[in-house]
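The values are calculated or read from the model by the stated rules, or taken from the named source; none is laboratory data. Just so it is clear, the structure is predicted and the values come from calculations on it, not from any experiment. Positions of Cβ are generated from backbone atoms using ideal geometry, with glycine treated the same way; all protein chains shown enter the neighbour counts. Accessible surface areas use protein heavy atoms only, side chains included; no ligands, DNA or RNA. Shrake-Rupley method; radii C 1.70, N 1.55, O 1.52, S 1.80 Å.
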Amino acid sequence: MKFETLKMAEGLGQDFLIATYYMHSEKEPDLYDWVKLVAGDQSAGTWTHVEGETPEVIERYGAKVLGIYPMSDGISCVARVAFPITNFQPYMAMVISTVAGNVLGQSGIRLVDVEFPESLLKEFTGPLLGVSGIRKKLGVMDRPLVGAILKPCIGVPPEASAQGAANAALGGADVIKDDELLSDPAYSPMVDRVKTVMSYLKEVGKEQSTLYAVNITGRNIIERAQLAIEAGANALMVNYNALGWGATEDLVRFLKDQNVEIPIFGHCAGAGAYYKAENNGLSAALSCGKLPRLIGMDMPLVYPDSGRFGTTTDELVETHSALSTPMQGIESAFTTVAGGVHPGTIEYLMGLLGNETILMAGGGIYGHPAGAVSGAKALLQAIEAVMQEVPVTEAAQTYEELQQALAFWS
């Protein structure tokens, strides 16, 4: 590697975005040359010199290697590469194309973080309401929110979903969402489902104190959002990975431009393809945390470490941090933990993540032996017990619903 390739982060100013990679290879003869090639591939260079690739072009538009930190095995390193933000518009699809692009097609390269300069951060919307806005809207200011995933998830008419929503709300659910598999099938049209669910919530006096995030994932996403809002939706849901970073960001920018303040639930469907491989892909904190927060997901779903979808404890904590800790000009997002959550997991999850979460259950509410009302009550009872520093098992001696849940899912 030539001296000219290396730069100091302190000398870059606001004109660069910094990507951090973990790189591991038994085939690459020189880690330093490999990192230099990655920087070139993703900016102004390629594997060979081409006509028009002048030193001036490389200096102005080429990525800069900030640091290469070899590990003791001699075949792995952490590398930090800075990309000129003049190379792309402030749009997440182009950010990902720049820092992930072709290079993640190579074995042994994992994108673990992206650092955004303030000049670029201010171009992203972030969550429209965020944690503070959702808490204010619901009037719940301190404890974790209770979330419910409508079950059965598919194959039922709007009336069945609506009854399930009403039952969960009566038990204390603050946020209710469609399953990621349910959007707009013939047996449950999206607009009909919104109208029916909101009508049932109104009948039980919960239309103001409960959010129903209707899944609008599908073609013509902006039009679908408008139809859902016109039908009475007080929250929206998108499968942002499957829908696409660009389409999701377009939706949020449109809502912001129209001064529509409605929270958006972001399901990470397909995220395992990003974070599951140890030596490839994107980190969970990036793919399920920082990036969806930047494009406007108010309530991004994150899998728990105790569930069946394979995040580690460290990944869960890092993702929660990426969603909730301060970021200049960007609202915090509500880490929504779902996937195997039930009353018996609440004490652990609150001890690990604190109170700025939505603890969301599907089977853990709708599978309660006494029904969904009792399932939501049991989840709330477990949360309130932890808030009062009372062991959940001790609180179960007072609350029948909680006792039934702990016994059933022991």
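Below, the figures for the structure above:
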quantity	calculated
Conditions (1) open to solvent by 20 Å² or more (accessible area, probe 1.4 Å); (2) out of contact with any helix residue (DSSP H, G or I) (no Cβ under 8 Å at 6 or more places or on another chain); (3) part of a helix (DSSP H, G or I): number failed by SER321	(2)
Region 20-43 - residue that is open to solvent by less than 40 Å² (accessible area, probe 1.4 Å) and free of Cβ contacts under 8 Å to residues at least 40 places away in the same chain and, of those, farthest from VAL114 (Cα to Cα)	TRP34
Test: residue in region 201-209 that is of a type outside the set (Lys, Arg), in the same structural domain as LEU323 (by the TED database) and touching a residue at least 60 places away in the same chain (Cβ under 8 Å)	yes
Some residue of region 118-132 being part of a loop (DSSP other than H, G, I, E, B), farther than 27 Å from LEU236 by Cα and in the same structural domain as GLN14 (by the TED database)	no
Sole residue being modelled with pLDDT of 95 or more and on the phi > 0 side of the Ramachandran plot, chosen from GLY205, GLY171, GLY246, GLY164	GLY205
Residue in region 325-334 that is of a type in the set (Gly, Ala, Ser), part of a helix (DSSP H, G or I) and out of contact with any Ser or Thr (no Cβ under 6 Å at 6 or more places or on another chain) present	no
Filter result for MET8 (more than 28 Å from TRP245 (Cα to Cα) and of a type outside the set (Asp, Glu))	yes
Residue among GLY344, GLY296, GLY310 that is within 25 Å of LEU182 (Cβ to Cβ) and touching a helix residue (DSSP H, G or I) at 6+ places or on another chain (Cβ under 6 Å)	GLY296
Restricting region 295-318 to residues that are open to solvent by 30 Å² or more (accessible area, probe 1.4 Å) and either part of a strand (DSSP E or B) or acidic (Asp, Glu) (or both), the residue that is farthest from LYS137 (Cα to Cα)	ASP314
Hits in region 65-98 - residues which are assigned to a helix (DSSP H, G or I), open to solvent by 10 Å² or more (accessible area, probe 1.4 Å) and closer than 18 Å to SER287 by Cα	ALA93, MET94, ILE96, SER97, THR98
Those residues of region 99-111 which are among the hydrophobic types (A, V, I, L, M, F, W, C) and open to solvent by less than 20 Å² (accessible area, probe 1.4 Å), in sequence order	VAL99, ALA100, VAL103, ILE109, LEU111
Region 298-313 residues that are closer than 16 Å to ILE149 by Cα, paired with ones that are among the basic types (Lys, Arg) (beta carbon under 7 Å, 6 or more apart)	PRO300/ARG293
Odd one out for GLN89 among (1) at pLDDT 95 or above; (2) not assigned by the TED database to the domain that holds GLY246	(1)
From the options LEU402, LEU380, residue that is more than 28 Å from the chain's Cα centre (by Cα) and modelled with pLDDT of 95 or more	LEU402
Unmet criterion (only one of (1) buried (at least 24 other Cβ atoms within 10 Å of the Cβ); (2) farther than 30 Å from GLN208 by Cβ) for PRO292	(2)
Given (1) over 14 Å from the mean Cα position of the chain (by Cα); (2) part of a loop (DSSP other than H, G, I, E, B); (3) within 22 Å of ILE229 (Cα to Cα), number of the condition GLU278 does not satisfy	(3)
Test: residue in region 240-262 that is open to solvent by less than 30 Å² (accessible area, probe 1.4 Å), over 25 Å from GLU123 (Cβ atoms) and among the β-branched types (Val, Ile, Thr)	no
Unique residue being open to solvent by 30 Å² or more (accessible area, probe 1.4 Å) and more than 26 Å from the chain's Cα centre (by Cα) when the list is SER209, SER132, SER199	SER199
Region 50-65 residues that are touching a residue at least 60 places away in the same chain (Cβ under 8 Å) and under 16 Å from THR98 (Cα atoms), paired with ones that are among the hydrophobic types (A, V, I, L, M, F, W, C) and open to solvent by less than 50 Å² (accessible area, probe 1.4 Å) (beta carbon under 9 Å, 6 or more apart)	VAL65/VAL35; VAL65/VAL38; VAL65/ALA39; VAL65/ALA79; VAL65/VAL81; VAL65/ALA82
Of residues in region 143-173 being open to solvent by 30 Å² or more (accessible area, probe 1.4 Å) and of a type in the set (Gly, Ala, Ser), the one farthest from THR196 (Cα to Cα)	GLY155
